[in-house]
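One structure is given below, encoded as structure tokens.
A short reminder: the numbers here are calculations on the coordinates, not readings from a lab. In this text, all values refer to a predicted model and were calculated from it rather than measured experimentally. Glycine also receives a Cβ, built like all others from the backbone with ideal geometry; neighbour counts cover every protein chain displayed.
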Amino acid sequence: MEYIVRLHRFNRTDDKRVQEGTNLLDFLRRNSVEISAPCGGKQTCGKCRIKVEGAENPVSSVELKLLGDRALSEGYRLACHIEIQNDIDVFPDDTDEKAIIMTERQKKDITLAPIIEKKHIRLSEPGINDQKSDMQRILGHHSGNKHELGFGTIRKLPDILRREEFSTTYISTQEILRGIEAGDTTDMNYGIAIDIGTTTIASYLIDLTNGDEKEVYSCMNPQRKYGADVISRISYTIENEDGLEELNEAIISCLNKSIGNLTQQAGIDNEDVYAVVIAGNTTMIHLLMKISPKNIAAAPFIPVTTDMHVLNPGDINLNINPQGITVILPAVLAYIGADIVAAVLSSGMHEDEKISLLIDIGTNGEIVLGNKDWMYSCSVAAGPAFEGAQIKNGVGGVTGAIDSMKFVNGIQYTTIDNKDAVGICGSGIVDAIAGMLDTGIIDEMGRMVDNDELTEEMAEIYSSGFEDTSEGRVFRIIDANDTGLDTDIVISQRDVRELQNAKAAVAAGIISIVKKAGIMMSDIENVYLAGGFGSYLDIDSTLRIGLIPKELYGKIKTIGNAAGSGAVEVLMNKNNLQKAEAIYRNMQFIELSADKDFVDEYIDAMEFINNKISVH
């Protein structure tokens, strides 16, 4: 039996017929409705809330716990809990596409030697004494001895050569002839560098004739509706027959949208783009190439490929010039991806005598330690707490997200774009926990204290913030009346534990890799925080909660979207491609998941006691 789902969005209503028993979250995903589902539909996160009218499904105990009476009374339900069994109306909230995405990157002086080059050549015209074929004529003027001209180009050769009286432009990469155009088109040669993150995507349009950055475009990764982390997305491809196809279509559609936006902003055509260089973690690259990532999810964590790939744009359906190239940068292993290789390239630590530490914190924490002579890497499962996914009122870096907080004469906070608060993003959560430690709201073990443990001064300021709920003890950050929501914004005891687990994993990873390298913390001269989360962190709060060892204070530098920057550097200078390959081949990976020293360090790092220091 089929039912009607009336989907109310963008000032219009669409009627969709669906089979009885279809899960509402699955329906929304397949109809391109942006909805948060960090747990991947496992009915644990409570983030896929959506306003529904007419649903006959009884409210579950989980919905009652995760949504609360007020949201339920206003018609909100959890999409993953509703199996469609009658006609319903669905009202998606405004999407969070106004996210603040880190696109800032280090800009360095790079000798321009683009990964794809164009050269104008005027060929001799054929005659009775010069009867070479069109192909022979072209290759006779090509300095390399290889070509990869597509069959479509070969078919068009007679017209291409004669349209401008044998005035031609050769398109080549790494001494390989890729294409040929009529006339002199050397002034139109653009490339795009793309960093595919688990949560966000950043793209950079570069004029390869002079190295200028023309436009930047960023967006949320549409795959996030299938789960906040790579394991959730891998699980979706395993559990759903068309899962891999869906995730691949989502990312390809998003990349083509990004390419279209960049070219439109720059006033050029997609055909003027001849190269795309892509960095991303290993799972994102598998999904991009429509390769099953299922073996990445479980020990021994084996990907299908970590090599560099040079593809035709049509191989993955990218809408750029078909005579161009798509370069997928190499990865190290399942959890040290091409994004980390690109970040190392951008940081320059692979060419520095000084020992440097690079940290990229997201749902996984990737750590690289070394210099020009040696390099170690490791990955730790930080979980999605730093991105707000498993935090009760956690959100991404969207408009209205609390991004900084200080506990001075009460609670002072800022929000992104200075809008009413809608939740707390990662940098705000770190500030909140640091402030709660300093004020004694939580103790050294991360326990939220009872009211009778507060000093008289603290009780006067903070005691009204505590509440014991069915989910446990919570501390109110902002009253519902002062938010852009219908509920208080709180930090729960579970939130504290989530952050403890995440920060302990990263801190233990840093300590363990330093020990494995046989050096001291004091030997590290540079600490690079890469990625969006690291760039927005307050360093004092980071040290206060023990996310980064206190011995590294004064050495920490944020380097923005280093993965995107590394992809740009490859785009602009072909020699960086060899450097990227050398980085991934020379990097030694340390597996920490079964390492006893790491486990011991992780347990120690759970406490806050050793981090009660003044870092000012």
Quiz prompt | Those GluC sites (Glu not before Pro) in segment 480-565 that DSSP places in a loop and that have at most 16 other beta carbons within 10 Å | solution = E525
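Just from its helices, what would the mean residue ellipticity at 222 nm be for the chain, if runs of 4 or more DSSP H residues each count -39500 (n - 2.57) and the sum is divided by every residue, rounded to the nearest 500 deg cm²/dmol? Don't skip to the end; give the middle numbers.
Details: 16 runs with 181 residues, N = 616.
About -9000 deg cm²/dmol.
Going by average Cβ density within 10 Å per residue, which order do the peptides 427-435, 499-507, 122-130 take, highest to lowest?
Numbers: 427-435: 26.8, 499-507: 24.0, 122-130: 10.2.
Top of the packing list down: 427-435, 499-507, 122-130.
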Quiz prompt | Low-density loop cleavage sites - chymotrypsin sites (Phe, Trp or Tyr not before Pro) in segment 324-425, where at most 12 other Cβ are within 10 Å (DSSP) | solution = W374
Quiz prompt | Estimated FRET transfer efficiency when R0 is 41 angstrom, pair E271-R30 (beta carbons, to 0.05) | solution = 0.80
Self-check item: Candidate aspartates and glutamates - alpha carbon under 17 Å from K16, same-chain residues fewer than 8 apart omitted
Solution: E2, D26, E34, E53, E83, D87, D89
Quiz prompt | Folded to 0 to 90 degrees: helix 230-239 orientation relative to the chain principal axis, Cα | solution = 80 degrees
Quiz item: Where does helix 562-572 land angle-wise versus the long Cα axis of the chain, in degrees 0 to 90, nearest 10?
Solution: 10 degrees
Self-check item: Cys residues of the chain counted as unpaired, since no other Cys beta-carbon is under 4.7 Å
Solution: C48, C80, C219, C254, C378, C425
Quiz item: To the nearest 10 degrees, how steep is helix 338-347 against the longest Cα principal axis of the chain, on a 0 to 90 scale?
Solution: 90 degrees
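Filter the cross-link list K555/K596; K290/K503; K108/K574; K132/K574; K372/K515 down to pairs whose alpha-carbon distance in this structure exceeds 21 Å.
Numbers: K555/K596 29 Å; K290/K503 33 Å; K108/K574 15 Å; K132/K574 33 Å; K372/K515 19 Å.
With Cα atoms farther than 21 Å apart: K555/K596; K290/K503; K132/K574.
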Quiz item: Hull surface divided by four, with the convex hull built on the Cα atoms of the chain: how many nm²?
Solution: 30.8 nm²
Self-check item: Amide H contacts of I391 (H built 1.01 Å from N, under 5 Å, at least 5 apart or other chain)
Solution: none
Exercise. Report, largest value first, the span of the C-alpha coordinates of segment 443-550 along each principal axis, in whole Å.
Key: 50, 32, 27
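For segment 190-328, what is one quarter of the convex hull surface built on the Cα atoms, given in nm²?
Values: hull surface 31.6 nm².
Across all orientations, segment 190-328 yields a mean hull projection of 7.9 nm².
What does DSSP give for the chain in terms of the percent of beta bridges that are antiparallel, rounded to the nearest 5? Kindly include the intermediate steps, with their values, before the conclusion.
Working: 73 of 104 bridges.
Among the beta bridges of the chain, antiparallel pairing accounts for roughly 70 percent.
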Quiz item: In segment 1-89, which GluC sites (Glu not before Pro) fall in coil by DSSP and have 11 or fewer other Cβ atoms within 10 Å?
Solution: E20, E56, E74
